[in-house]
Structures are given as C-alpha cells and as structure tokens.
Amino acid sequence: MKDLDKKIFLELLRDAEQPVVDIAEKVGASRQTVSKKIKEFKQSGFIKDLKARLEPEKFGLNIRAYVFLQEDPEDEARKRNEETINEFHQVSKFFRLFGRFSGILEVRAEDRDELTDLVKEIHELEGVSETETETGTGYGRRWPFR
C-alpha cells in the first residue's frame, strides 16, 4: 500500500465526515486525487461505507441491554417473531443462537421501565418461553413465562 493511501486511511479513521479538501490538505495531495482514491477504496472493498455513528445517550437511550430469548423450535413462529422483533425501535441487533437460547437482542432504551415494557411485549410473542436480560451494569433479570 502506498504512503499516500495510508495517510488517507488514517484521516478517514480520524474523521470520515471531514471534507475531501481538508483531507487533501493534510495528506499533501489534490482534492481530485483524494476523491479518486476514496472512490477506488470503496470499489475495491477496502472501505465498506462512511457512516455517521450516533451516540445513543444523546438521544436519551441510556440503557443498553442484551435480551436472551428462548422460543419453541417451530420455524414459522420464529420467523414471525424475528419480523416483529426487528420492528421494535429499541432493538438495534438480533442474532440467532444455537443452544439454551434461540436468540439474542441488543437493545437500547430510555430507562428500566421502557426495557421492562419491551421484555413484556416480547413475552407475548408466540412460542416465547423465557428471556434473560443483562444490562451494562451486570444486572440480570429472568422473566419466566406467565
């Protein structure tokens, strides 16, 4: 990899949203050269995308939790549950697991009450028998099926 490429990558890592003209000035190249290099990086797969990363706390989402989900093994019900769960605005990630739990959700909520309400909604889904919730503080809560 060329020295100029490395310098451009470092600038993008520092701040991917900075204007191309600023990157060009910092790496000692023209705006056109830097723009062309960034385009080449994207086409070659070195750069997947340049996205803004939001700070959830700035939006009042102060609780991050992981909800482990245990469901009956019926495929159609699980598929419907996935679709429903992915519609909950608090769920940022959903992964399927093999073993004791069938899935794990990464959740962001304003407070414990919102998190509790979400877990209750999850329990109303077909075939959900249990969840276990862990927050960033190590606090865990089991929610047995009612």
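The values are calculated or read from the model by the stated rules, or taken from the named source; none is laboratory data. Source: prediction; values computed, not measured. With ideal geometry, Cβ positions are generated from the backbone for all residues, glycine too; neighbour counts draw on all protein chains shown. These area figures cover heavy atoms from the full protein model, side chains too; ligands, DNA and RNA do not enter into them. Shrake-Rupley method; radii C 1.70, N 1.55, O 1.52, S 1.80 Å.
Testing Glu57 on (1) outside any helix (DSSP H, G or I); (2) open to solvent by 70 Å² or more (accessible area, probe 1.4 Å); (3) under 29 Å from Glu110 (Cα atoms), one condition comes back false. Which one is that? For Glu57, the failing item is (1).
The single residue among Lys6, Lys58 that is among the basic types (Lys, Arg) and farther than 30 Å from Arg112 by Cβ turns out to be Lys6. Taken as a whole, the range 42-50 holds at least one residue that is in contact with a Phe, Trp or Tyr (Cβ under 6 Å, 6 or more places away or on another chain) and at negative phi. Taken over the range 29-54, the residue count meeting the criterion of being surrounded by 10 or more Cβ atoms within 10 Å (Cβ to Cβ) and not in a helix (DSSP H, G or I) is 5.
Scan the range 45-84 for residues that are among the hydrophobic types (A, V, I, L, M, F, W, C) and over 26 Å from Arg96 (Cβ atoms) and report the count.
5
One residue stands out among those in the range 60-96 that are among the polar types (S, T, N, Q) and open to solvent by less than 80 Å² (accessible area, probe 1.4 Å): the one that is nearest to Arg108 (Cα to Cα), which is Gln90.
Return yes or no: is Glu25 under 22 Å from Ile104 (Cα atoms), assigned to a helix (DSSP H, G or I) and either among the small types (Gly, Ala, Ser) or over 24 Å from the mean Cα position of the chain (by Cα) (or both)?
It is false that Glu25 is under 22 Å from Ile104 (Cα atoms), assigned to a helix (DSSP H, G or I) and either among the small types (Gly, Ala, Ser) or over 24 Å from the mean Cα position of the chain (by Cα) (or both).
For Thr131, the test of being open to solvent by less than 40 Å² (accessible area, probe 1.4 Å), farther than 30 Å from Asp3 by Cβ and within 21 Å of the chain's Cα centre (by Cα) is passed.
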